[in-house]
1. Restricting things to Cα coordinates, could you compute the convex hull volume per residue of the range 9-260 in Å³?
2. Provide the gained length on full extension for the span Lys138 to Lys68, in nm with one decimal, where the gain is 0.36 nm per separating residue minus the Cα-Cα distance.
3. Which residues' amide hydrogens lie under 5 Å from the amide hydrogen of Val253, considering only partners 5 or more residues apart or on another chain, with H built in the peptide plane?
4. Across the range 115-178, how large is the tail of the calculated P(r) beyond 19 Å, expressed as a percent of all Cα pairs?
5. Amide H to amide H, which residues 5 or more places from Tyr61 or on other chains are under 5 Å from it, using H placed in the peptide plane?
6. Would you please state which residues of the range 104-124 a label at Gln173 would reach in this model, taking the label point 7 Å out along Cα→Cβ and a backbone N cut-off of under 20 Å?
7. Go ahead and run the numbers for FRET between Ser54 and Arg203, Cβ-Cβ distance against an R0 of 22 Å, rounding to 0.05.
8. Which order do the peptides 80-87, 161-168, 121-128, 100-107 take when ranked by the mean count of other beta-carbon atoms within 10 Å per residue, highest first?
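What follows is calculated from the coordinates using simple rules that are stated; it is not laboratory data. Keep in mind it's a predicted model, so treat the numbers as computed, not measured. Using ideal geometry, Cβ is built from the backbone for each residue, glycine included, and neighbour counts are taken over all protein chains shown.
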Amino acid sequence: MDTSVSGKTVIVTGAANGIGLAIARRFVELGANVVLADKDEKRLRTEVEALQNSAGNAIAYVGNLREKLTVNNLMAATIDAFEHIDILVNASRQILTSDPLTDKDGVFEQLMHQNVTVNLRLAQAVAKRMVEQSAPHKKGEIIGAIVNLSSIAATRTMPELMAYSVSSAALDQLTRSLAVAFAAHGIRVNGIAIGSLMSASLRESLKEYADLHDAIADATPLGQIGEATEAADAAVFLASSKADFITGQILAVDGGRSLVDTVTIPAH
């Protein structure tokens, strides 16, 4: 068991359900101090209550991170509770379909803001805090880690998921760019591109489409849909000292699907 995250302070967004919740749970199980951030207050508080007897500490932060003030308040709440910030996991993301010819509902702008701009703002705020709390730090010393949750949709071409695919690709490039920009400060930035994992959105889709489970499993070389804990383990690894010489990388957690995937089945 990796104990290098024990005692670290971690912010996990999108933490009320699905993959974000699985990531937050794993960090708490390993003894970290975790701030679970989400706008779903009822679900969030229920999940935080369930984590109270774990090895680490868990608190809830309720708010819509699309609002700049909410980001500032999240930072303040985290520092007030745990005094410092060591790890950020941007797991909040949105998947929507749209008509690429018109985008009359403004889905493209919405997903670019949710999946890219929000993550950028929070990464910048967290990085600034990491630098301040660690000053002065030695050259080559790692002072913090950021992990962005992306998707293999970044390299797939499905017209109805154009906005999601483009926002995922933009997030991957943001991850690489921030990795270079923050490296001199000792902050590592990596991403996880998920596919064929049991996310909250996929779970809802499976309820609606009876044949979807088998279709996704058949399109995945390992022949199954992975659990959200697969992404959680990847996030812990990328945030831990075991990955201290890894930055700017996008780790695909997809059962091999991105190696052979056709473009007819959404990756979720």
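1. On the way: hull volume 32.1 nm³, N = 252.
It comes to 127 Å³ per residue, whole-number rounded.
2. Working: separation 70, 0.36 × 70 = 25.20 nm, distance 3.18 nm.
The Lys138-Lys68 span can extend by a further 22.0 nm.
3. Ala193, Ile194, Gly195
4. On the way: 873 of 2016 pairs.
The proportion of pairs with Cα distances above 19 Å equals 43 percent.
5. Amide H to amide H, under 5 Å and 5 or more residues apart or across chains, Tyr61 pairs with Leu36, Ala37, Asp38.
6. Under cut-off, by backbone N: 107-124.
7. Numbers: r = 24 Å, r/R0 = 1.07.
Calculated value: 0.40.
8. Details: 80-87: 17.5, 161-168: 24.5, 121-128: 19.0, 100-107: 12.0.
For the peptides 80-87, 161-168, 121-128, 100-107, the packing ranking is 161-168, 121-128, 80-87, 100-107.
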